[in-house]
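Notes to accompany the following structure.
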Amino acid sequence: MMKVQLNIEGMSCASCASSIEKKLQENPFIKSAQTNFAIKKTSVEFDENNITVKDIKDLISDIGYKASEKEEILDKENEADAALKRFVGAFIFGAPVLSMMFVELKSGVIIFGLDLVMLTFAGLSLLTTFYFGRNFHVSAYKKLKSMSFSMDSLVSLGTLVSLTYSLYSMTVGGQIFFEAAVSIIIFINLGKYFEAKGKGQAGEAIKKLLEMGVKEARVIIGNVEKKVLIEDVNKGDILIVKPGEKIPLDGEVIEGSSSIDESMLTGESLPVTKKAGDTVYGATVNQKGALKLKVTKIGGETIFSQIVKMVEEAQTSKSPIEHLADKISSVFVPVIIVIAFITFLGWYFYSGNVGLAVLNAVSVLVIACPCALGLATPTAILVGTGVGAKKGILIKNGETLEKSKRITTVVFDKTGTLTEGRPKVVDMFWQEGLVREKHISQIIALESRSEHPLAEAIVDHFNELYPDIEKTEIDDFTSVTGKGVEGRINGEKYFIGRASYLSENKVVLSEELEKRGKQLQGEGKTVVFIGNGSKLIGIIAIADTVKEDSRAAIDDLRAMKIDVAMLTGDNRAVAESIAKGLGIEHIIAEVFPDEKAAKVKELQSKGEIVAFVGDGINDAPALAIADLSIAMGTGSDIAIESANIVIIKGSPAKVYQAIELSQKTFAVIKQNIFWAFFYNTIGIPVAAFGFLNPMVASIAMAMSSVSVVFNSLRIKKF
């Protein structure tokens with residue numbers, strides 16, 4: 001199966017989106033189609049062996065729309081500008097006609113038995129309706145050819161009926177209401193302008209993301225620096241990035257050090273220090289030093305490309321609540337046409353006044369346009385996912401928003417999620433009276449030769465404490481797997497490792513340090529003993545440290561009335577030590593990787609709606625089975641692929657923000673849908689009973705759509 005995202009030109013309401021989906025889903029080779037009216041896109045999954053992208057475009061074209069591929073994306077600003085020009089033109093030529101509502105103007109010049117003013121108004125009405133409102137009529141005609149209907153069908157029908165009846169009445173001396181047709185075109189074009197402007201603001205996340213991409217890179221070819229297009233850079237190429245420039249692609253620093261602004265990835269304003277061996281990401285900003293880096297990812301593999309793809313997919317996805325709106329929209333327009341016809345008949349037989357009957361029928365057609373209903377969900381998703389992307393939170397689909405609303409328990413994997421996922425020196429104790437600086441270079445020399453991750457933690461710690469310390473050579477080095485290392489330096493023997501390993505080598509353990517070591521081990525820390533000759537000179541405690549914002553995240557989740565649990569494969573002592581510091585009472589420890597999903601299932605069987613937060617390959621089954629899955633972007637690709645939400649930087653505080661943002665967005669969706677339903681439920685009978693004229697109906701219809709868009713924009717304040 002293959003996926004393609006197409007830009008759709010010619011959609012005017014939710015009924016259009018439903019028509020496109022229905023047409024595509026009728027084809028047996030198309031697995032799914034989701035069309036988003038707010039961003040004018042459709043996402044299609046299809047069998048590429050039996051149907052091509054061109055075939056899909058043709059299917060869409062058959063029902064009156066134009067489909068183009070992603071690179072031909074429509075500019076929302078141009079859409080807004082076009083609507084504004086149509087409004088201004090309609091207003092200039094239609095305003096004189098609107099004066100008919102307030103004063104009766106006559107010139108006394110009679111042509112063909114009609115006053116010149118009346119003929120002028122008729123001409124202006126025709127111009128306004130057929131030129132500045134031509135988009136509605138062309139669209140309605142295309143829909144009619146395929147026996148489908150949309151908002152444009154209602155607008156076109158309403159204006160044509162009122163205009164045609166007025167032209168007829170003008171010749172027989174009956175009731176004339178050119179202003180009804182003109183006002184509909186004027187105010188709906190104004191509404192379209194505000195709607196397009198609002199949608200442009202709602203969808204600015206993708207536009208800003210795309211603007212962040214880098215167009216060129218400085219590649220080192222031989223000893224020559226050359227600027228090339230980003231598309232021509234290959235994996236393994238060496239790039240130079242100067243201060244103030246954006247990093248072109250993901251890569252590994254091989255020379256230099258600098259501070260990098262990664263806020264576009266993480267939402268965090270503080271720069272991150274990068275040095276040789278560190279990973280850097282495309283579209284982030286190099287602030288200070290020059291960097292030489294080797295490209296490791298290109299094209300769609302880069303983190304930046306994946307972010308853009310995830311946000312686009314999220315914005316074309318649908319929330320389950322939206323399917324209800326879609327079903328209603330698909331039958332809404334034909335039903336309204338029937339109601340308008342019934343209104344006409346009712347008023348005609350009740351009053352005997354054809355003009356009044358036409359006027360009220362036109363009001364029903366105009367007030368009922370289902371634009372607000374079609375915009376209710378996609379605009380909120382558009383803004384919510386865009387805000388999330390700017391904050392380093394990628395919400396993959398609309399369904400996630402509804403899932404977040406129901407969460408009762410968040411289960412955190414420990415390592416790499418609540419903790420840093422790498423060992424760090426957390427405590428040191430030395431023999432009393434020892435001048436420890438004398439032994440530091442020897443410890444660094446020994447541990448630098450070891451491949452154990454704990455040795456790396458010790459070397460990093462001492463290099464940070466003593467950056468200018470003199471390097472020492474080892475005369476003899478031995479590593480004993482699972483026990484420790486030893487070596488002779490300047491004639492002195494050193495041992496580093498387990499207490500039992502030092503005892504085997506006749507190192508005398510001091511009572512005080514041995515007692516301190518057991519205490520540290522009881523706190524869940526790994527203790528490394530250091531011997532010089534036959535004396536124990538110190539102990540170093542190493543642990544996986546808790547992330548800075550883990551405690552705040554857990555407190556915030558509790559404030560939302562959500563329970564928090566920690567799940568880990570570590571022993572209970574380590575788990576309890578970390579949980580105590582974080583204030584977590586529910587601990588699930590000593591769990592094998594293949595048991596994590598079962599533990600999530602167990603919570604679900606007790607009625608809990610579970611969000612699981614993880615980062616590793618072994619978390620993927622638990623992420624897949626959880627009601628809501630959240631992956632740390634610092635983790636494995638498979639964990640990220642399995643998740644509904646991705647936290648780019650891996651910050652636990654973002655978990656709380658992600659759930660809060662999802663809940664806020666879903667609340668706005670519900671508000672939008674309620675008001676859209678409420679508006680039509682109230683507006684249609686009010687118009688049918690003769691309490692609205694077409695001008696007021698057109699203003700109300702336009703403003704209902706605009707209000708939904710701007711209600712969605714409130715999410716930007718999150």
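The values are calculated or read from the model by the stated rules, or taken from the named source; none is laboratory data. Quick caveat, the model's predicted, so the values are computed rather than measured. Neighbour counts are summed over all protein chains in view; Cβ atoms, including those assigned to glycine, are modelled from backbone coordinates with ideal geometry. SASA here: full protein model, heavy atoms, side chains in, ligands and nucleic acids out. Shrake-Rupley method; radii C 1.70, N 1.55, O 1.52, S 1.80 Å.
Overview of values
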quantity	calculated
Nonlocal amide H pairs with Leu628, under 5 Å, H built at 1.01 Å	Val610, Ala611, Phe612
Region 119-183: C-alpha pair distances exceeding 19 Å, %	32 percent
Hz values of 3J(HN,Hα) by residue in region 539-549 - Karplus curve (6.51, -1.76, 1.60), Gly and Pro given as x	10, 10, 9, 10, 8, 7, 7, 6, 5, 3, 9
Computed lengthening from Lys275 to Val480, 0.36 nm per intervening residue step minus Cα-Cα distance	70.6 nm
Potential lengthening between Phe429 and Lys670 on full extension [0.36 nm per residue; Cα-Cα distance subtracted]	80.9 nm
Local electrostatic count at Ser698 - Lys and Arg +1, Asp and Glu -1, tallied over other residues with Cβ under 13 Å	0
Karplus-derived HN-Hα couplings along region 284-298 (A = 6.51, B = -1.76, C = 1.60, θ = phi - 60°), whole Hz, x at Gly and Pro	7, 10, 7, 8, 10, x, 6, 10, 10, 9, 9, 6, 10, 9, 10
Cut-off under 5 Å, modelled amide H: who pairs with His586 long-range	Met566
Options Thr415, Ile673, Phe132, ranked by Cα towards positive dipole end of the chain, top entry (Cβ charges)	Phe132
Accessible area of region 452-530 belonging to carbon and sulfur atoms, whole % at 1.4 Å probe	46 percent
Cβ-derived FRET efficiency at R0 25 Å, Asp468 paired with Ala290, nearest 0.05	0.60
Antiparallel bridges, percent of DSSP beta bridges restricted to the chain (to nearest 5)	80 percent
Packing-based ranking, highest mean first, of 658-671, 335-348 given that Cβ atoms within 10 Å are counted	658-671, 335-348
Average accessible area per residue (Å²) across region 539-626 - probe 1.4 Å, nucleic acids and ligands excluded	46 Å²
Estimated distance in nm for a label pair at Asn505 and Ser146, the labels positioned 7 Å out from Cα along Cα-to-Cβ	7.8 nm
Charge dipole magnitude, Cβ of K and R +1, D and E -1 - the chain, Cα centre, debye nearest 20	1840 debye
The chain shape via C-alpha gyration tensor axes, a/c threshold 1.5	prolate
Candidate aspartates and glutamates - alpha carbon under 17 Å from Lys294, same-chain residues fewer than 8 apart omitted	Glu216, Glu225, Glu231, Asp232, Asp237, Glu245, Asp250, Glu252, Glu255, Asp278
Mean Cβ neighbour count within 10 Å, used as a protection proxy, ranking 389-395, 173-179 highest first	389-395, 173-179
Prolate/oblate/rounded label for region 572-718 (Cα gyration tensor, a/c 1.5)	prolate
Over 18 Å between alpha carbons, listed pairs Lys396/Lys649; Lys405/Lys547; Lys525/Lys596; Lys601/Lys649; Lys3/Lys649	Lys405/Lys547; Lys525/Lys596; Lys601/Lys649; Lys3/Lys649
Under 19 Å from Lys288, Cα to Cα: lysines that are on another chain or at least 8 residues apart	Lys242, Lys246, Lys274, Lys275
Aspartates and glutamates with Cα under 16 Å of Lys535, excluding same-chain neighbours fewer than 8 positions away	Glu432, Glu486, Glu492, Glu504, Glu511, Glu512, Glu514
Computed lengthening from Lys405 to Lys3, 0.36 nm per intervening residue step minus Cα-Cα distance	141.8 nm
Karplus-derived 3J(HN,Hα), 6.51/-1.76/1.60, for each residue of region 661-666, Hz, glycine and proline x	5, 4, 5, 4, 5, 5
